[in-house]
1. Give me a count of the residues in segment 149-165 that are touching a strand residue (DSSP E or B) at 6+ places or on another chain (Cβ under 6 Å) and surrounded by fewer than 23 Cβ atoms within 10 Å (Cβ to Cβ).
2. Out of curiosity, is residue 56 more than 13 Å from the ligand (Cβ to nearest atom), part of a loop (DSSP other than H, G, I, E, B) and without any contact (Cβ under 8 Å) to a residue 60 or more places away in the chain?
3. Restricting to segment 11-56, count the residues that are surrounded by fewer than 24 Cβ atoms within 10 Å (Cβ to Cβ) and at pLDDT below 95.
4. Residue check: is residue 136 away from the ligand (no atom under 13 Å from the Cβ) and either in contact with a helix residue (DSSP H, G or I) (Cβ under 7 Å, 6 or more places away or on another chain) or at pLDDT below 95 (or both)?
5. What number of residues in segment 16-38 are near the ligand (Cβ under 8 Å from one of its atoms), in a loop (DSSP other than H, G, I, E, B) and out of contact with any Phe, Trp or Tyr (no Cβ under 9 Å at 6 or more places or on another chain)?
6. So how many residues does segment 75-92 have that are part of a loop (DSSP other than H, G, I, E, B) and more than 19 Å from the chain's Cα centre (by Cα)?
7. Quick test of your reading of the structure: residue 68 fulfils all but one of (1) more than 13 Å from the ligand (Cβ to nearest atom); (2) crowded, with 16+ Cβ neighbours inside 10 Å; (3) touching a residue at least 40 places away in the same chain (Cβ under 8 Å); (4) of a type outside the set (Lys, Arg). Name the failing condition by number.
8. Search segment 93-133 for residues being assigned to a helix (DSSP H, G or I), β-branched (Val, Ile, Thr) and in contact with a helix residue (DSSP H, G or I) (Cβ under 7 Å, 6 or more places away or on another chain), and hand back the single one that is farthest from the ligand (Cβ to nearest atom).
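The values are calculated or read from the model by the stated rules, or taken from the named source; none is laboratory data. What you see is a predicted model; the values in this text were computed from it and never measured. Note that we place each Cβ from the backbone using ideal geometry, even for glycine, and neighbour counts take in every protein chain shown.
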Amino acid sequence: MSTNQHSKSEHAGRTVVVTGAGGGIGGDYVAAFAGAGANVVATDVAAAEDAGTALADRVSAAGPGRAVFVAADVTSDTDWEAVVATATAEFGGIDALVNNAAIYQGLGTKAHLTELTNESWDRVLTVNVRGTWQAIKAVTPTMRARGGGRIVNISSTVARMGAPGFAHYVASKAAVDGLTRAAARELGPDAITVNGVAPGLVSDDASRTLNTGDYIAAAAKGRALGREMAPDDLVGAVMWLAAPSSGFVTGQTVVVDGGGVFT
Ligand SMILES: NC(=O)c1ccc[n+]([C@@H]2O[C@H](COP(=O)([O-])OP(=O)(O)OC[C@H]3O[C@@H](n4cnc5c(N)ncnc54)[C@H](O)[C@@H]3O)[C@@H](O)[C@H]2O)c1
């Protein structure tokens, strides 16, 4: 397929791994890639297995791509071996990875940095940062063997804004941005691009758990586009950075927030 094509059909026949895909925004990525003809390995923690399997069955039935679910914790190298083995056995390898999994809704509540525990700090940094690195490490050999690949790390605009209430999460997303740049440099010689997408506040279950309706409305008002953000608003940027046609873009983190943050 030509690398100059920007249509969604350039995903046809490719294989994409999406983490944190048991529900939430990750589920929208799975549906979008499969709808564009990609084969998708959707992964999430074991507790999300029922929802993830139902999602995979649903998008496979809709086609044209096929999705399978693998229960995998992003912080487990053993689980990553299983994900890569499934992708290889079912679809022949991996062309793109979307590192979407994170402790976000799992934060439960916001808290001042003086009230965070060492344990919660370590948990958030381990999943959001170390897990992203482990994912990159796990897929690199198969991408190399295929002559290249695309990695998309999901960041957040809070890394730039320093939004209060979850300093560990903010720090983790800033670390993901640094990892994106480092990995882009190190994997460039293998024709593997590494980019990020930094969403603004999405009006989803996770955000409604952590924020008041007034907070979400204020975020919408502060945007150039002046409206709330839906999960679907992220799909275009993620799919392009996972596609062949973005092949000369690497080390970038693209803000997708309707024009709220201009840095
Ligand atoms: N919702 C927003 O407003 C918003 C804004 C900016 C960035 N983001 C980012 O977008 C992504 C998706 O957000 P969401 O709103 O769907 O959040 P969410 O909390 O609903 O989803 C995160 C998913 O990651 C999974 N996960 C958590 N720990 C894991 C682990 N150890 N191994 C594997 N999977 C694990 C969860 O089970 C869950 O399905 C996250 O990276 C989040 O940080 C979200």
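1. Summing the residues that are touching a strand residue (DSSP E or B) at 6+ places or on another chain (Cβ under 6 Å) and surrounded by fewer than 23 Cβ atoms within 10 Å (Cβ to Cβ) in segment 149-165 gives 1.
2. Answer is no for this residue.
3. Number satisfying all stated conditions: 2.
4. When the stated conditions are applied, residue 136 passes them.
5. So the count comes out to 2.
6. 1
7. Every listed condition holds for residue 68 apart from (3).
8. Applying the filter and picking the extreme gives 129.
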